[in-house]
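Read the structure below first, then the notes.
The values are calculated or read from the model by the stated rules, or taken from the named source; none is laboratory data. This one's a predicted model, so the numbers in the text were calculated from it and none came from an experiment. Glycine also receives a Cβ, built like all others from the backbone with ideal geometry; neighbour counts cover every protein chain displayed. Surface areas here come from the heavy atoms of the whole protein model, side chains and all, with no ligands, DNA or RNA. Shrake-Rupley method; radii C 1.70, N 1.55, O 1.52, S 1.80 Å.
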Amino acid sequence: MTQERTPTILATSGGLIRGQRTEVAFGPLLHHAIELSGATRPSLVYIGTAMGDGSAQGLRMIEAGQAAGIPVRLLKLFPMPNVDDFDDYLLSHDVVWVGGGSVANLLALWRLHGLDTALMRAWQAGVVLGGVSAGSLCWHQGGTTDSFSPELTPVTNGLALLPYSNGVHYDSEPRRRPLFQQLIAAGTLADGYATEDGTGLVFKGTTLVEAVTEIKDKRAYSVRRSGEGFEEESLPTRLLSNG
(Lines give C-alpha, C1' and ligand atoms only; values in the text may rest on other atoms or scores of the structure.)
Protein backbone atom coordinates (compact mmCIF):
# COMPACT_ATOMS: atom_id res chain seq x y z
CA MET A 1 0.00 0.00 0.00
CA THR A 2 1.07 3.57 -0.73
CA GLN A 3 -0.50 6.82 0.46
CA GLU A 4 -4.15 7.19 1.40
CA ARG A 5 -6.44 6.65 -1.58
CA THR A 6 -10.11 7.02 -2.47
CA PRO A 7 -12.24 3.92 -1.72
CA THR A 8 -12.60 2.18 -5.09
CA ILE A 9 -14.54 -0.83 -6.37
CA LEU A 10 -14.51 -2.40 -9.84
CA ALA A 11 -17.55 -4.70 -10.10
CA THR A 12 -17.49 -6.85 -13.23
CA SER A 13 -18.76 -9.70 -15.33
CA GLY A 14 -15.26 -10.40 -16.64
CA GLY A 15 -11.58 -9.91 -15.91
CA LEU A 16 -9.95 -13.19 -16.90
CA ILE A 17 -9.28 -14.28 -20.47
CA ARG A 18 -7.66 -17.32 -22.10
CA GLY A 19 -3.91 -17.20 -21.73
CA GLN A 20 -1.30 -17.92 -24.40
CA ARG A 21 1.03 -19.88 -22.14
CA THR A 22 -1.24 -20.15 -19.11
CA GLU A 23 -4.78 -21.47 -18.74
CA VAL A 24 -6.07 -18.01 -17.86
CA ALA A 25 -4.60 -14.52 -18.12
CA PHE A 26 -5.40 -11.13 -16.69
CA GLY A 27 -7.80 -9.39 -19.06
CA PRO A 28 -8.14 -5.63 -19.53
CA LEU A 29 -10.70 -5.39 -16.70
CA LEU A 30 -8.37 -6.94 -14.16
CA HIS A 31 -5.49 -4.83 -15.43
CA HIS A 32 -7.76 -1.80 -14.98
CA ALA A 33 -8.33 -2.73 -11.32
CA ILE A 34 -4.56 -2.74 -10.90
CA GLU A 35 -4.23 0.62 -12.68
CA LEU A 36 -6.88 2.10 -10.41
CA SER A 37 -4.68 1.34 -7.40
CA GLY A 38 -2.06 3.78 -8.66
CA ALA A 39 0.66 1.54 -7.26
CA THR A 40 4.05 1.55 -8.96
CA ARG A 41 4.79 -2.04 -7.89
CA PRO A 42 1.29 -3.44 -7.40
CA SER A 43 0.40 -6.67 -5.63
CA LEU A 44 -2.89 -8.52 -5.62
CA VAL A 45 -4.81 -10.78 -3.24
CA TYR A 46 -7.11 -13.36 -4.79
CA ILE A 47 -10.07 -14.62 -2.74
CA GLY A 48 -11.71 -17.80 -4.03
CA THR A 49 -14.20 -18.44 -1.22
CA ALA A 50 -17.14 -18.60 -3.64
CA MET A 51 -15.69 -21.78 -5.18
CA GLY A 52 -14.50 -23.31 -1.93
CA ASP A 53 -10.92 -22.03 -2.23
CA GLY A 54 -10.21 -24.57 -4.98
CA SER A 55 -6.49 -25.17 -5.30
CA ALA A 56 -6.60 -25.31 -9.10
CA GLN A 57 -8.13 -21.85 -9.45
CA GLY A 58 -5.68 -20.39 -6.96
CA LEU A 59 -2.75 -21.81 -8.91
CA ARG A 60 -4.21 -20.49 -12.17
CA MET A 61 -4.39 -17.02 -10.66
CA ILE A 62 -0.80 -17.20 -9.41
CA GLU A 63 0.39 -18.31 -12.86
CA ALA A 64 -1.63 -15.55 -14.54
CA GLY A 65 -0.07 -13.04 -12.19
CA GLN A 66 3.41 -14.29 -12.96
CA ALA A 67 2.72 -13.90 -16.69
CA ALA A 68 1.50 -10.34 -16.07
CA GLY A 69 4.37 -9.46 -13.75
CA ILE A 70 1.99 -9.01 -10.81
CA PRO A 71 2.56 -10.90 -7.53
CA VAL A 72 -0.61 -12.77 -6.56
CA ARG A 73 -1.20 -14.13 -3.08
CA LEU A 74 -4.17 -16.12 -1.88
CA LEU A 75 -6.50 -15.46 1.03
CA LYS A 76 -8.17 -18.75 1.93
CA LEU A 77 -10.73 -19.78 4.55
CA PHE A 78 -10.59 -23.56 3.91
CA PRO A 79 -9.81 -25.60 5.94
CA MET A 80 -8.97 -22.62 8.16
CA PRO A 81 -7.84 -19.05 7.43
CA ASN A 82 -4.32 -19.08 5.99
CA VAL A 83 -3.37 -15.79 7.67
CA ASP A 84 -3.44 -14.64 11.28
CA ASP A 85 -4.59 -11.07 10.70
CA PHE A 86 -6.89 -10.19 7.81
CA ASP A 87 -6.36 -6.45 8.21
CA ASP A 88 -2.58 -6.60 8.03
CA TYR A 89 -2.72 -8.99 5.08
CA LEU A 90 -5.20 -6.96 3.03
CA LEU A 91 -3.60 -3.60 3.80
CA SER A 92 -0.21 -4.86 2.62
CA HIS A 93 -1.63 -5.26 -0.91
CA ASP A 94 -3.04 -2.90 -3.51
CA VAL A 95 -5.87 -4.89 -5.09
CA VAL A 96 -8.29 -7.57 -3.90
CA TRP A 97 -9.88 -9.69 -6.63
CA VAL A 98 -12.79 -11.98 -5.72
CA GLY A 99 -13.69 -14.92 -7.95
CA GLY A 100 -17.11 -16.15 -8.99
CA GLY A 101 -19.21 -18.98 -7.60
CA SER A 102 -21.70 -19.02 -4.74
CA VAL A 103 -22.25 -15.51 -3.39
CA ALA A 104 -24.49 -16.92 -0.63
CA ASN A 105 -21.73 -19.19 0.70
CA LEU A 106 -19.15 -16.44 0.27
CA LEU A 107 -21.17 -13.98 2.38
CA ALA A 108 -21.88 -16.53 5.11
CA LEU A 109 -18.25 -17.55 5.47
CA TRP A 110 -16.88 -14.03 5.31
CA ARG A 111 -19.21 -13.01 8.13
CA LEU A 112 -18.42 -16.11 10.16
CA HIS A 113 -14.70 -15.33 10.07
CA GLY A 114 -14.95 -11.53 10.21
CA LEU A 115 -13.50 -11.10 6.73
CA ASP A 116 -16.45 -8.89 5.77
CA THR A 117 -15.43 -6.13 8.18
CA ALA A 118 -11.74 -6.47 7.27
CA LEU A 119 -12.63 -5.96 3.61
CA MET A 120 -14.67 -2.88 4.51
CA ARG A 121 -11.69 -1.42 6.36
CA ALA A 122 -9.38 -2.22 3.43
CA TRP A 123 -11.81 -0.47 1.05
CA GLN A 124 -11.95 2.57 3.33
CA ALA A 125 -8.14 2.63 3.37
CA GLY A 126 -7.97 2.67 -0.43
CA VAL A 127 -7.26 -0.95 -1.34
CA VAL A 128 -9.06 -1.49 -4.67
CA LEU A 129 -11.78 -4.13 -4.36
CA GLY A 130 -12.80 -5.97 -7.50
CA GLY A 131 -14.16 -9.21 -8.80
CA VAL A 132 -16.40 -11.09 -11.17
CA SER A 133 -19.95 -12.43 -10.75
CA ALA A 134 -20.19 -13.36 -7.04
CA GLY A 135 -17.13 -11.13 -6.66
CA SER A 136 -19.21 -8.28 -8.06
CA LEU A 137 -22.52 -8.99 -6.31
CA CYS A 138 -20.90 -9.19 -2.87
CA TRP A 139 -20.08 -5.47 -2.66
CA HIS A 140 -23.71 -4.46 -3.31
CA GLN A 141 -26.97 -4.73 -1.36
CA GLY A 142 -28.03 -7.67 -3.49
CA GLY A 143 -28.79 -9.08 -6.91
CA THR A 144 -29.77 -12.31 -8.63
CA THR A 145 -28.00 -15.59 -7.92
CA ASP A 146 -28.08 -19.31 -8.60
CA SER A 147 -26.44 -19.98 -5.22
CA PHE A 148 -29.56 -21.68 -3.84
CA SER A 149 -30.78 -23.74 -6.82
CA PRO A 150 -30.56 -23.89 -10.62
CA GLU A 151 -33.33 -21.29 -10.67
CA LEU A 152 -32.25 -17.70 -10.18
CA THR A 153 -33.44 -16.10 -6.95
CA PRO A 154 -32.71 -12.80 -5.20
CA VAL A 155 -29.93 -12.37 -2.69
CA THR A 156 -30.50 -9.32 -0.48
CA ASN A 157 -27.82 -9.54 2.22
CA GLY A 158 -24.73 -8.33 0.39
CA LEU A 159 -22.06 -6.30 2.16
CA ALA A 160 -23.75 -3.10 0.93
CA LEU A 161 -20.53 -1.13 0.60
CA LEU A 162 -22.37 0.08 -2.50
CA PRO A 163 -26.03 1.00 -1.79
CA TYR A 164 -27.34 -0.51 -5.02
CA SER A 165 -28.37 -3.83 -6.49
CA ASN A 166 -26.16 -5.53 -9.05
CA GLY A 167 -26.94 -7.62 -12.11
CA VAL A 168 -24.22 -9.83 -13.61
CA HIS A 169 -24.03 -11.89 -16.83
CA TYR A 170 -26.78 -9.66 -18.15
CA ASP A 171 -26.53 -10.86 -21.75
CA SER A 172 -25.29 -14.45 -21.45
CA GLU A 173 -27.86 -15.98 -19.07
CA PRO A 174 -31.39 -15.39 -20.42
CA ARG A 175 -33.20 -15.17 -17.05
CA ARG A 176 -30.82 -12.66 -15.46
CA ARG A 177 -32.10 -9.53 -17.17
CA PRO A 178 -35.89 -9.97 -16.83
CA LEU A 179 -35.63 -11.16 -13.22
CA PHE A 180 -33.39 -8.25 -12.25
CA GLN A 181 -35.89 -5.86 -13.81
CA GLN A 182 -38.85 -7.56 -12.10
CA LEU A 183 -37.21 -7.55 -8.66
CA ILE A 184 -36.38 -3.86 -8.91
CA ALA A 185 -39.90 -3.06 -10.12
CA ALA A 186 -41.31 -4.99 -7.13
CA GLY A 187 -39.00 -3.23 -4.65
CA THR A 188 -37.32 -6.51 -3.67
CA LEU A 189 -34.03 -5.11 -4.91
CA ALA A 190 -32.83 -1.52 -4.73
CA ASP A 191 -32.20 0.47 -7.88
CA GLY A 192 -28.95 -0.70 -9.37
CA TYR A 193 -26.57 -1.41 -12.21
CA ALA A 194 -25.98 -4.39 -14.48
CA THR A 195 -23.07 -5.62 -16.60
CA GLU A 196 -22.95 -7.69 -19.73
CA ASP A 197 -20.12 -10.23 -19.88
CA GLY A 198 -16.84 -8.40 -20.32
CA THR A 199 -17.98 -5.14 -18.73
CA GLY A 200 -17.37 -3.51 -15.37
CA LEU A 201 -18.47 -0.62 -13.18
CA VAL A 202 -15.98 1.71 -11.49
CA PHE A 203 -17.12 3.25 -8.20
CA LYS A 204 -15.24 5.93 -6.30
CA GLY A 205 -16.69 5.90 -2.84
CA THR A 206 -20.31 5.01 -3.57
CA THR A 207 -20.51 7.01 -6.81
CA LEU A 208 -20.45 5.31 -10.19
CA VAL A 209 -17.83 7.19 -12.19
CA GLU A 210 -17.47 5.03 -15.29
CA ALA A 211 -18.54 1.86 -17.07
CA VAL A 212 -15.76 0.04 -18.93
CA THR A 213 -15.51 -3.02 -21.17
CA GLU A 214 -12.85 -5.39 -22.41
CA ILE A 215 -15.06 -6.52 -25.34
CA LYS A 216 -16.12 -4.12 -28.07
CA ASP A 217 -19.84 -3.20 -28.14
CA LYS A 218 -20.62 -4.76 -24.76
CA ARG A 219 -22.74 -2.61 -22.45
CA ALA A 220 -23.60 -1.76 -18.86
CA TYR A 221 -26.96 -0.50 -17.62
CA SER A 222 -28.72 1.51 -14.95
CA VAL A 223 -32.01 -0.03 -13.79
CA ARG A 224 -34.34 1.79 -11.43
CA ARG A 225 -37.88 1.47 -10.15
CA SER A 226 -40.42 3.71 -11.89
CA GLY A 227 -44.02 3.73 -10.74
CA GLU A 228 -45.13 0.11 -10.80
CA GLY A 229 -42.46 -0.82 -13.29
CA PHE A 230 -38.83 -0.05 -14.08
CA GLU A 231 -36.67 2.09 -16.31
CA GLU A 232 -33.49 0.75 -17.88
CA GLU A 233 -30.82 2.97 -19.41
CA SER A 234 -27.75 1.93 -21.35
CA LEU A 235 -24.64 3.59 -19.91
CA PRO A 236 -21.75 5.10 -21.90
CA THR A 237 -19.17 2.31 -21.78
CA ARG A 238 -15.49 2.90 -22.53
CA LEU A 239 -13.49 0.24 -24.34
CA LEU A 240 -10.30 -0.51 -22.44
CA SER A 241 -7.00 -0.79 -24.27
CA ASN A 242 -6.35 -4.29 -25.61
CA GLY A 243 -10.12 -4.85 -25.46
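Below, the figures for the structure above:
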read-out: Kirkwood Rh (inverse of mean 1/r, distinct Cα pairs), region 200-243, angstrom; value: 11.6
read-out: Accessible area of the chain divided out per residue, in Å², using a probe of 1.4 angstrom; value: 44
read-out: In order through region 18-34: 3J(HN,Hα) via Karplus (6.51 cos²θ - 1.76 cosθ + 1.60), integer Hz, x for Gly, Pro; value: 5, x, 7, 10, 10, 4, 10, 9, 5, x, x, 5, 5, 4, 5, 4, 5
read-out: Long-range Cα-Cα pairs in region 1-109 (distance over 20 Å), rounded percent; value: 39
read-out: Over region 116-243: Rg over Rh, Cα atoms, Kirkwood Rh; value: 0.95
read-out: Label-point separation in nm, Lys204 to Phe148, each point 7 Å along Cα→Cβ; value: 3.8
read-out: Average projected area [Cα convex hull, the chain], square nanometres; value: 12.2
read-out: Tail beyond 18 Å, pair distance distribution of region 63-122 (Cα, percent); value: 38
read-out: Residues with amide H under 5 Å from that of Ser102, placed H, sequence gap 5 or more; value: Met51
read-out: Stokes-Einstein D (µm²/s) once Rh is taken as the Kirkwood radius of region 77-169 over alpha-carbon pairs, at 10 °C in 1.306 mPa s; value: 117
read-out: Carbon/sulfur fraction of accessible area - the chain, other protein chains in place, 1.4 Å, %; value: 50
read-out: Förster radius 30 Å - calculated FRET efficiency between Ser55 and Asp217, Cβ distance, rounded to 0.05; value: 0.25
read-out: Dipole magnitude of region 1-66 about its Cα centre (Cβ charges: Lys, Arg +1; Asp, Glu -1), debye to nearest 20; value: 140
read-out: Calculated P(r) tail over 18 Å for region 136-201, as whole % of Cα pairs; value: 26
read-out: By accessible area with a 1.4 Å probe, ligands and nucleic acids excluded, highest first: order of Trp97, Trp123; value: Trp123, Trp97
